[in-house]
Amino acid sequence: GRDSDAFGDHTITCASEYERIHRHDIIRDAIYDIAKHAGLSPVSEARLIANSQSRPGDIFLPNWRSRQTAFDVAVTSPLSQSALPQSSSTPGAAIQMMKSRKMTKHFRPCQSNGVTFVPLVVETLGGWDSDAIDHLRAIAKRASSRSPFPTETTIRQLFQRLSVLLQRANAGLIAARAPPMPP
């Protein structure tokens, strides 16, 4: 691949498809793990739309807040060309843009099949959508009821884990494109 820019901005925004999928998948897997630990019976990559190969949610919970729910993890960059004009002046703009795209694409098909669609959007720089935070906190709270740790510890550990996984994936992208060291 192409060498990184001095700050790695281009790299974390325009990684290859495989690298973007890997970054997405490690976040998805961590959320799946905590949902499983919470006893929520998560299903990964479930086909939820009748007569369709579409998988609108990365994690399906059959009974989340008394509803079938599809969580769709999305990683977006506030530094992308499409988001930068808004995100440079409005914090969270890239999150809202991605959330809107996801809702436009998946909300109605899920709703028609009795499934609540919830995008879990995080920025490459680490900011989470407020609705995602609410759901993740609630899942961690549920997991804490099945562990010896206090609720706030479980919540803190989940967000620390998600942050480390995201930034480690970003660091891997940058390291893979770092120019060679001079002799």
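Structure notes:
- Ranked packing of 60-67, 167-174, most packed first, by mean Cβ within 10 Å: 167-174, 60-67
- The chain, relative contact order [Cα under 8 Å, separation at least 6], %: 26
- Between the listed residues Pro150, Gln160, Gln96, the Cα displaced farthest toward the positive end of the dipole of the stretch 9-174, a dipole computed from Cβ unit charges relative to the Cα centre, is found at Pro150.
- Bridges between two residues of the stretch 9-174, per DSSP, are antiparallel at a rate of about 45%.
- Compared with the dominant principal axis of the Cα atoms in the chain, helix 17-37 is inclined by about 30°.
- Net charge of neighbours whose Cβ lies under 10 Å from the Cβ of His37, counting Lys and Arg as +1 and Asp and Glu as -1: +2
- Computed per residue of the chain from DSSP H runs no shorter than four, each worth -39500 (n - 2.57), the mean residue ellipticity at 222 nm is -16500 deg cm²/dmol.
- Once both labels are positioned 7 Å from their Cα atoms along Cα-to-Cβ, the gap between Ala178 and Arg156 label points is 3.1 nm.
- Rounded to 10°, Cα long-axis angle of helix 130-144 versus longest principal axis of the chain: 60
- The label-point distance for Met103 and His22, in a model that sets each label 7 Å from Cα toward Cβ, rounds to 3.3 nm.
- The ranking of Asp25, Asp72 from fewest to most other beta carbons within 10 Å of each one's beta carbon is Asp25, Asp72.
Values in this text are rule-based calculations from the coordinates and carry no lab data. Predicted model, so just to flag it, every value in this text is computed and none were measured. Glycine also receives a Cβ, built like all others from the backbone with ideal geometry; neighbour counts cover every protein chain displayed.
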